[in-house]
Amino acid sequence: MTQFPKIYIRRNKIDPVKRFHPWIFSGAIKSQEEGIKEGDTVEVYNETGEYLALGHYNANNIAVKLLAYEKVTDIESLFLNKFQQAYDLRTRLGLTQCAHTNCYRLINAEGDGLPGLIVDWYNGTAVIQVHSLGMYHQKETIVHCLQGVYGDRLLAVYDKSAGVMPKMGQNQYLLGEKSDNTVLENGHSFLIDWETGQKTGFFIDQRDNRALLSKYAHNKRVLNTFAYSGGFSVYAGAAGALRVDSVDSSASAIDLSKENIALNDQKDTAHSFYTEDVFEFLTHCAADYNLIILDPPAFAKNISARHSAVMAYKRINYQAIKKIEAGGMIFTFSCSQVVNIDLFRGAVMAAAIEARRPVRILAQLGQGPDHPASIYHPEGHYLKGLVLSVD
Ligand code: SAH
């Protein structure tokens with residue numbers, strides 16, 4: 001039976017753990033056994049020795065990320081169980097045997113009870129990204145779990161964790177080798193560059209929002225800002241948009257967008273591409289768009305950057321609201337975990353007030369259901385979106 005080192009937390013800090021919040025902050029720790037190092041798996045107790053949970057120890061503000069609230073003796077079977085549950089959820093969502101979509105998120109960190117781990121499935125290749133040393137130590141277990149869940153369908157496992165934290169090593173194949181990297185999403189083809197692209201290669205969290213956009217894109221002049229690999233552009237073109245302008249500051253992202261447009265049947269749509277800063281582009285671009293997508297990277301990576309992030313959201317939303325034709329629609333997003341929906345909506349409202357135009361909210365959006373968030377962990381709702389109608 002494995003023995004894990006113990007951490008004791010203060011009496012007045014146990015409520016969040018009892019309510020299944022998956023983080024223990026460093027200030028909550030009363031004492032800990034000697035020799036505990038970053039990345040160790042630890043047991044968490046209250047001051048009187050009652051067992052509370054098991055987690056990975058980190059030497060930062062979030063001192064323990066919790067994996068289980070029951071006693072655990074075998075980490076491998078704990079992980080296997082969680083992988084199986086995650087897979088079963090994706091099956092219930094209609095994603096694991098789907099003719100028109102073969103990429104989805106299998107493990108969404110806290111949302112699947114595995115803080116610090118992301119696994120995206122790309123038609124036979126699982127791309128993993130670990131965000132803690134604790135998960136880094138479990139890489140072998142993670143590969144076993146993937147083999148257990150997928151069997152022969154698993155062709156390769158690519159570890160895309162380099163640079164996420166120090167000590168994460170090189171990006172590399174943990175199993176298999178590079179194979180077909182074209183996937184289908186809602187029947188559209190995408191080339192996924194998991195080796196050199198951003199994150200695990202594709203922003204799968206926007207799948208349902210891209211599908212919603214297709215409902216409104218017919219005959220529209222569309223501006224897709226922060227386009228990356230052209231996800232929204234492909235959907236808009238397939239829906240019969242008149243014109244789609246894709247903007248990204250990264251030349252390789254624009255190259256990927258072009259490839260993805262070419263992979264799909266888009267002959268009725270005039271596509272143009274701009275390798276440019278979006279803030280700049282919006283100051284001089286045409287003012288005849290009637291559908292604009294604003295999907296920037298996380299402007300705030302932590303609390304201290306939150307205020308300037310909110311100002312940046314306000315600025316791009318102001319520019320878009322000011323520019324769009326009357327009757328136009330804006331799909332506007334924030335993926336900053338520390339900017340909650342109220343703050344984001346406030347930033348967009350401030351932009352609308354400044355632009356002095358009537359703006360209505362048609363829908364409030366989030367990440368797709370294969371990116372679940374635990375109800376006990378509101379921080380897990382990192383992607384927020386609004387569909388605006390501007391008159
Ligand atoms: N909407 C995309 C994902 C966007 S990711 C999708 O559905 O796949 C954010 C993108 O913004 C990245 O490609 C990054 O290169 C780009 N980016 C970041 N800052 C930028 C800026 N100031 N101007 C233009 N593009 C920017």
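With respect to the conditions (1) out of contact with any His (no Cβ under 8 Å at 6 or more places or on another chain); (2) within 13 Å of the ligand (Cβ to nearest atom); (3) free of Cβ contacts under 8 Å to residues at least 40 places away in the same chain, SER246 lacks only one, and its number is (1). Condition test on ILE316, is it among the aliphatic types (A, V, I, L, M) and more than 14 Å from the ligand (Cβ to nearest atom)? No.
Of the residues making up the range 153-161, at least one is crowded, with 19+ Cβ neighbours inside 10 Å, within 16 Å of the ligand (Cβ to nearest atom) and not aliphatic (A, V, I, L, M). Given the criterion among the hydrophobic types (A, V, I, L, M, F, W, C), in contact (Cβ under 8 Å) with a residue 60 or more places away in the chain and on the phi < 0 side of the Ramachandran plot, identify the matching residue among LEU174, LEU184. Answer to the selection: LEU184.
Conditions (1) more than 22 Å from the chain's Cα centre (by Cα); (2) assigned by TED's automatic domain parsing to the domain that holds ASN290; (3) crowded, with 24+ Cβ neighbours inside 10 Å; (4) at pLDDT below 95, marked per residue:
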| residue | (1), (2), (3), (4) |
| --- | --- |
| ASP208 | no, yes, no, no |
| VAL222 | yes, yes, yes, no |
| PHE226 | no, yes, no, no |
| GLY230 | no, yes, yes, no |
| SER233 | no, yes, yes, no |
| ALA239 | yes, yes, no, no |
| ARG243 | yes, yes, no, no |
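Of note, TYR51 does not satisfy the criterion of being buried (at least 21 other Cβ atoms within 10 Å of the Cβ), under 30 Å from ARG11 (Cα atoms) and of a type in the set (Phe, Trp, Tyr).
Summed over the range 129-145, residues that are out of contact with any Leu (no Cβ under 7 Å at 6 or more places or on another chain), crowded, with 21+ Cβ neighbours inside 10 Å and not in a helix (DSSP H, G or I) total 3. Contact map, the range 271-287: first residue closer than 16 Å to VAL244 by Cβ and within 8 Å of the ligand (Cβ to nearest atom), second residue at pLDDT 95 or above and part of a helix (DSSP H, G or I), Cβ cut-off under 8 Å, separation 6 or more or different chains; pairs are VAL278/ILE316. For the range 146-257, no strands (runs of 3 or more DSSP E) sit wholly inside it while including 3 or more residues that are of a type in the set (Ser, Thr, Tyr).
The values are calculated or read from the model by the stated rules, or taken from the named source; none is laboratory data. Owing to the predicted nature of the structure, the values given are computational and were not obtained by experimental measurement. As a convention, Cβ positions derive from the backbone with ideal geometry for all residues, glycine included, and neighbour counts pool all protein chains shown.
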